[in-house]
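Undergrad: Sharing a structure here in structure tokens format.
The values are calculated or read from the model by the stated rules, or taken from the named source; none is laboratory data. Predicted model, so just to flag it, every value in this text is computed and none were measured. Reconstructed Cβ throughout: ideal geometry from the backbone, glycine too, with neighbour counts over all protein chains shown. Side chains included, ligands, DNA and RNA excluded: accessible areas come from the protein's heavy atoms. Shrake-Rupley method; radii C 1.70, N 1.55, O 1.52, S 1.80 Å.
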Amino acid sequence: MIGSGFGSLTAAALLARRGLRVCVLEQAKYPGGCASSFKRQGYWFETGATTLTGLDEHMPLRYLLQETGLHLPLRKLTPSMQVHLPSGQTLTRYEHLQDWIKEAERVFGQYNQRPFWEHCYRLSRQVWRTSLAQRSFPVSNVKDLLLSGVRARPGQLQLIPAAFQTMEDVLRRYGLLENKLFVDFVNEQLLITAQNYLHEVNELFGATALCYTLYSNYYVDGGLINLVKPVVEYIKEQGSVVLYGQQVQAIARSKEGYITGTNKGSFASRFLISGIPLNNTLQLLQDRQLQQKLEQYIMPSHMLNGAFTMGLVVAAQPEPTVLHHQVHLPQGLPVVGCKSIFVSFSHPQDKLRAPAGEQVVSISTHVPHPEQLQIEDKKVLEAAVLEALAEKGLLSKNNIRYSLSATPGAWLFWTKRAYGAVGGYPQYRHLKPWQMKDARLDHKGAYLCGDTVYPGQGIVGVCLSGIIAAQKLIEDHL
């Protein structure tokens, strides 16, 4: 198992449960990849992701916990997010659909908000039910096709037309494209979960992405590393291992399976799962023919996003009712041009990440084409971000007690992800769900999971990718 991101750990846990002895190789000193935390100056900062969903019925994280019997230390967040618009208005993303529709109508006007959101929510529910049921999707052999047919239900087939429509088409259908405030809101919300804008994101992924706040959202005390640790412990309890400081340098076929070479030695295995990005996996392969097959799925830097991130320690504010905020800007940020900033506060009762009287704040904004866009002077961007957040009353510069920041270059150094890209492969209209790379790498014994293969981004998405990789390995060989 290459990498200990949440997709890899999901697959490892499910395979270990089936009696396989799994070895997870992680180049860092902490598990979890982009869904983890790191310690600095006594405080715990999130590595990447800060939001957690996927525990409702028919969703991947719930499936993983049911299969393994794991229990996680979770706090439910209600509501989970507020959005601060350039107009000065603040939207609260309520969990209950009817409450959210009233809030959307208050800010964007009543015209067609109700039918639009009812449609998106209904579609998102069907997408989640279908995604977990159709674990042979995307199909890549005859057995997949047969199993998909056996598992097919009439409601699933009704989803197909939505793969050919973009969210721009959906807004046009509901007469909402002329509502500029709403269009800008949708674009920046899609950027969080689909990594792209409404003219590129298909209706299936777009409706699901826009509705993620309408499902249960959670907070993990101590940071997301405490989401990961129980899974790691479960893997070990099943007789498997997780090894750190193992930077994989090559993957080669052998008579018995695969040889994985790292900076510390070689590991022989019957099967292999790569949970690192496709771009990185491609560079590790020693089989040129397999590399050529994989190249058709690779996205170059100009199609990807990096991130500029900041971690702050601030004097604790009056207990906030909402921990996650997205700030929409009238003009793009200097250097990167992004028009939104995502901010997450540690829970005021979480004494593991910061002591009483202090909170940890995670801040991020997108960086397009991370290989080309070099951030030479972080201070300019830091100042612009802090000024924008201060204007919205989210923090005071005088309350900042510690600060750190990172560019895509730092991401590349620490995570080794190609270009320092984050968030997985963005959604593009030319790429239908069944055209995304499926879990089989070579149709022999090597598999893939993570945020650059189907279904894509977020902890919930990579968890599903790990479920699918484990399922296909089991169906193929066990």
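Undergrad: For residues that are open to solvent by less than 40 Å² (accessible area, probe 1.4 Å) and either closer than 18 Å to THR208 by Cα or free of Cβ contacts under 8 Å to residues at least 12 places away in the same chain (or both), tally how many sit in region 104-125. First the steps, then the outcome.
TA: At the first step, the residues of region 104-125 found to be open to solvent by less than 40 Å² (accessible area, probe 1.4 Å) are 104-105, 107-109, 113, 116-117, 119-120, 123-124.
With the extra rule that they be either closer than 18 Å to THR208 by Cα or free of Cβ contacts under 8 Å to residues at least 12 places away in the same chain (or both), the set shrinks to 104-105, 113, 116-117, 119-120, 123-124.
The total comes to 9.
Undergrad: Please work out which residue is most open to solvent (accessible area, probe 1.4 Å), limiting yourself to region 263-279 and to residues that are more than 25 Å from ILE474 (Cα to Cα) and not in a strand (DSSP E or B).
TA: Taking the candidates together, the pick is LYS264.
Undergrad: So how many residues does region 196-244 have that are at positive phi and either open to solvent by less than 20 Å² (accessible area, probe 1.4 Å) or touching a Cys at 6+ places or on another chain (Cβ under 6 Å) (or both)?
TA: Taking region 196-244 first, the residues at positive phi are 222-223, 239.
From the residues that got through so far, the ones that are either open to solvent by less than 20 Å² (accessible area, probe 1.4 Å) or touching a Cys at 6+ places or on another chain (Cβ under 6 Å) (or both) too are 222-223.
Residues meeting the conditions: 2.
Undergrad: Further, regarding this structure: Which residues, counting only those in region 151-170, are in a helix (DSSP H, G or I), more than 18 Å from LEU198 (Cα to Cα) and in contact (Cβ under 8 Å) with a residue 12 or more places away in the chain?
TA: The initial filter retains those residues of region 151-170 that are in a helix (DSSP H, G or I), namely 151, 154-157, 160-164, 167-170.
Filter once more, so that each one left must be more than 18 Å from LEU198 (Cα to Cα): 151, 154-157, 160.
Within region 151-170, ARG151, GLY155, GLN156 meet the criteria.
Undergrad: Find all pairs meeting these conditions: Cβ atoms under 7 angstrom apart; at least six residues apart or on different chains; first residue within region 384-411 and open to solvent by 50 Å² or more (accessible area, probe 1.4 Å); second residue assigned to a strand (DSSP E or B) and among the β-branched types (Val, Ile, Thr).
TA: LYS392/VAL327; ASN399/VAL314; ARG401/VAL313; ARG401/VAL314; TYR402/VAL313
Undergrad: When only residues in region 284-318 that are outside any loop (DSSP other than H, G, I, E, B) and without any contact (Cβ under 8 Å) to a residue 12 or more places away in the chain count, which is least open to solvent (accessible area, probe 1.4 Å)? Break it down into steps so the answer makes sense when it comes.
TA: Step one: of region 284-318, the residues outside any loop (DSSP other than H, G, I, E, B) are 284-285, 288-295, 301-303, 305-315.
Restricting the remaining residues to those that are without any contact (Cβ under 8 Å) to a residue 12 or more places away in the chain gives 288-289, 291-293.
On the way: ARG288: 123, GLN289: 122, GLN291: 31, GLN292: 103, LYS293: 120 Å².
Out of the qualifying residues, it is GLN291.
Undergrad: Please state which one of THR321, THR260 is at pLDDT below 95 and either touching a Pro at 6+ places or on another chain (Cβ under 8 Å) or outside any loop (DSSP other than H, G, I, E, B) (or both).
TA: Values: THR260 fails: at pLDDT below 95.
Just one listed residue meets the conditions, THR321.
Undergrad: What is the number of the single condition among (1) closer than 30 Å to ARG18 by Cα; (2) of a type in the set (Ser, Thr, Tyr); (3) open to solvent by 60 Å² or more (accessible area, probe 1.4 Å) that THR68 does not meet?
TA: Evaluating THR68 over (1) closer than 30 Å to ARG18 by Cα; (2) of a type in the set (Ser, Thr, Tyr); (3) open to solvent by 60 Å² or more (accessible area, probe 1.4 Å) leaves (3) as the failure.
Undergrad: Ok, one more. One residue is enough: does region 92-102 have a residue meeting the conditions acidic (Asp, Glu), touching a strand residue (DSSP E or B) at 6+ places or on another chain (Cβ under 8 Å) and either free of Cβ contacts under 8 Å to residues at least 60 places away in the same chain or not in a helix (DSSP H, G or I) (or both)?
TA: Taking region 92-102 as the starting set, the residues that turn out to be acidic (Asp, Glu) are 95, 99.
Next cut, touching a strand residue (DSSP E or B) at 6+ places or on another chain (Cβ under 8 Å) only: 95.
Those left that are additionally either free of Cβ contacts under 8 Å to residues at least 60 places away in the same chain or not in a helix (DSSP H, G or I) (or both): 95.
So far as region 92-102 goes, yes, one or more of its residues are acidic (Asp, Glu), touching a strand residue (DSSP E or B) at 6+ places or on another chain (Cβ under 8 Å) and either free of Cβ contacts under 8 Å to residues at least 60 places away in the same chain or not in a helix (DSSP H, G or I) (or both).
Undergrad: Here is a follow-up. From the residues in region 331-349 that are under 16 Å from PRO318 (Cβ atoms) and not in a strand (DSSP E or B), which one is least open to solvent (accessible area, probe 1.4 Å)? Break it down stepwise before answering.
TA: Here is the first cut: in region 331-349, the residues under 16 Å from PRO318 (Cβ atoms) are 345-349.
If we keep only those that are not in a strand (DSSP E or B) too, we end up with 346-349.
Working: SER346: 1, HIS347: 30, PRO348: 32, GLN349: 92 Å².
The selected residue is SER346.
Undergrad: Another one. Pick from HIS324, HIS366, HIS328: which is surrounded by 15 or more Cβ atoms within 10 Å (Cβ to Cβ) and touching a Cys at 6+ places or on another chain (Cβ under 7 Å)? Give the derivation first.
TA: Details: HIS324 fails: touching a Cys at 6+ places or on another chain (Cβ under 7 Å); HIS328 fails: touching a Cys at 6+ places or on another chain (Cβ under 7 Å).
Within the list HIS324, HIS366, HIS328, the selection yields HIS366.
Undergrad: Same structure again: Residue by residue through region 185-195, note down the ones that are within 13 Å of the chain's Cα centre (by Cα), open to solvent by 10 Å² or more (accessible area, probe 1.4 Å) and not hydroxyl-bearing (Ser, Thr, Tyr). Let's see the steps before the verdict.
TA: Restricting attention to region 185-195, the residues satisfying the condition of being within 13 Å of the chain's Cα centre (by Cα) are 190-195.
So of that shortlist, the ones also open to solvent by 10 Å² or more (accessible area, probe 1.4 Å) come out as 192-193, 195.
Correct list: ILE192, GLN195.
Undergrad: Could you give me the residue pairs with C-beta distances under 9 Å whose first residue belongs to region 248-259 and is at positive phi, whose second residue is in a strand (DSSP E or B) and open to solvent by less than 100 Å² (accessible area, probe 1.4 Å) wherever it lies, and which are 6+ apart or on separate chains?
TA: Going by the 9 Å Cβ cut-off, the qualifying pairs are GLY257/ALA268; GLY257/SER269; GLY257/LEU272; GLY257/ALA446.
Undergrad: Here is a follow-up. Looking only at residues in region 418-433 that are on the phi > 0 side of the Ramachandran plot and outside any loop (DSSP other than H, G, I, E, B), which one is least open to solvent (accessible area, probe 1.4 Å)? Can you show your working first?
TA: Taking region 418-433 as the starting set, the residues that turn out to be on the phi > 0 side of the Ramachandran plot are 419-420, 423-424.
Still in the running and outside any loop (DSSP other than H, G, I, E, B): 419-420.
Numbers: TYR419: 64, GLY420: 0 Å².
The residue in question is GLY420.
Undergrad: Of everything in region 83-103 that's in contact with an Asp or Glu (Cβ under 7 Å, 6 or more places away or on another chain) and crowded, with 19+ Cβ neighbours inside 10 Å, which residue is farthest from ASP56 (Cα to Cα)?
TA: Among those residues, the one meeting the criterion is LEU91.
Undergrad: Considering each of GLN349, GLN359, GLN326, GLN331 in turn, give the residue that is touching a helix residue (DSSP H, G or I) at 6+ places or on another chain (Cβ under 8 Å), farther than 30 Å from ILE259 by Cα and of a type in the set (S, T, N, Q).
TA: Details: GLN349 fails: touching a helix residue (DSSP H, G or I) at 6+ places or on another chain (Cβ under 8 Å); GLN359 fails: touching a helix residue (DSSP H, G or I) at 6+ places or on another chain (Cβ under 8 Å); GLN331 fails: touching a helix residue (DSSP H, G or I) at 6+ places or on another chain (Cβ under 8 Å).
Criteria check complete, one pass: GLN326.
Undergrad: Could you please let me know if GLN66 is at pLDDT 95 or above, in contact with a Leu (Cβ under 7 Å, 6 or more places away or on another chain) and more than 15 Å from VAL228 (Cβ to Cβ)?
TA: Values: at pLDDT 95 or above: yes; in contact with a Leu (Cβ under 7 Å, 6 or more places away or on another chain): no; more than 15 Å from VAL228 (Cβ to Cβ): yes.
In short, no.
Undergrad: Kindly provide the set of residues from region 434-478 that are out of contact with any Lys or Arg (no Cβ under 9 Å at 6 or more places or on another chain), modelled with pLDDT under 95 and part of a loop (DSSP other than H, G, I, E, B), ordered by number.
TA: PRO455, GLY456, GLN457
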